[in-house]
Amino acid sequence: MLTSHGRWGLCLTLLTVSAVLLSGYGGWFRPSLFGAVPAVMTLTYPLVVVLALAVCFGLLLARRWLLAAVVALAIVATGSSLRANFPLNVTPSVAQTADTFRVMSYNVASFSGKLWTDRTQMHPAMRLILDEDADFVILLQPVGHGVGYDQRKSINPWLAELDRHYPYRTHSSNDEVELLSKHPFRVQPLAEPGRVYRYFPYVIESISRFAFDIRLPDSKQLRIIAAHMTSFMLAKDERRVLDSVIVSSPWPLYAKLDTAFVRRERMSRVLRDSIDKSPANVILCADVNDVPQSFAYRTLRGHDMRDAFAECHTGYLNTFNAHNMLFHIDHILYRGSLRATGFKCLRVPFSDHYPIVATFAWQ
């Protein structure tokens, strides 16, 4: 018969194993069918694993060998999520050569004026982009209140410098994705079938997915697909929940989470269809607003796309940095005659997202 300590140990083990398995495999469940709970658990997987390791260590100290082994096996059973969130790459990044190129993906949060403290200088986010000097830069959410990024006072006076770095670029005052490029390209909007996009007299929904076919000088084929996917659209008081302030009821928050997960499910299928119809060499730069192994991420990655982060980085990474939501929600996936040789995240405070940069080599 179990003692009280034995019962507590067994209950703790069962609870830990359940949390590990549900968070590790929550991305296998369609949000439109199973609701937001598995998807929310997927968000928590890195934290759950850390807590599970602590539980496992505590059980070992208590000499509960069998229970510790069960917790350890649960963690091992979620190996795909473990590798996706905590990759271990010991091979150093390959230096950039003439046969390599770099891609930056950066949600610039409309180049917020709050961070533009020195009005005699270019906005620090754009200055960072020019200093980094990647071959292609995907700007996500570059527009604010109908003002295009190149029309903003923090950038417009320095357009000549911007053009020297990136002579080929898009410049819309409506859409959620822009490209800065060192090479010419053709652009194709990836609108959802049957969805209405209207800007005036006010924005109902702008296009947030584009394909850019790059015209490289050596006739190599390359398509970059960029997307900004639905956020959780939380109000200020709901965001404060994550800053340890309690709101009156969790149900409006749950409803918004559920809506966002379902919308991203739909958008990921549209994007996946675009990837399937694309040429061989494709790079996807996306603010998915969801983590590795989420349903949206798994749909986008499919069986053919590879993750530059998983192949070149070591350890956990958060690309979002506000409201205690330290999640990895920005991704660079790819396929074709390419190989990711480097990946880095620039931890700068110019947006609520960190920019990520991947280096690619032709195979």
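The values are calculated or read from the model by the stated rules, or taken from the named source; none is laboratory data. Everything quoted here is computed from the prediction, not taken from an experiment. Here the Cβ positions follow ideal geometry from the backbone for every residue, glycine too, while neighbour counts run over all protein chains shown.
Summary of computed values
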| quantity | calculated |
| --- | --- |
| Qualifying residue in segment 104-112 (condition: at positive phi and among the small types (Gly, Ala, Ser)) | yes |
| Near pairs, Cβ below 6 angstrom, 6+ apart or cross-chain, from segment 43-64 (touching a residue at least 12 places away in the same chain (Cβ under 8 Å)) to any residue that is hydroxyl-bearing (Ser, Thr, Tyr) and assigned to a helix (DSSP H, G or I) | 44/23; 45/23; 45/81; 48/23; 52/16; 55/16 |
| Residue tally, condition more than 25 Å from residue 288 (Cβ to Cβ) and loosely packed, with under 14 Cβ neighbours inside 10 Å, over segment 7-50 | 6 |
| Condition check for residue 53: surrounded by fewer than 20 Cβ atoms within 10 Å (Cβ to Cβ), outside the structural domain of residue 356 (by TED's automatic domain parsing) and either farther than 23 Å from residue 180 by Cβ or among the basic types (Lys, Arg) (or both) | yes |
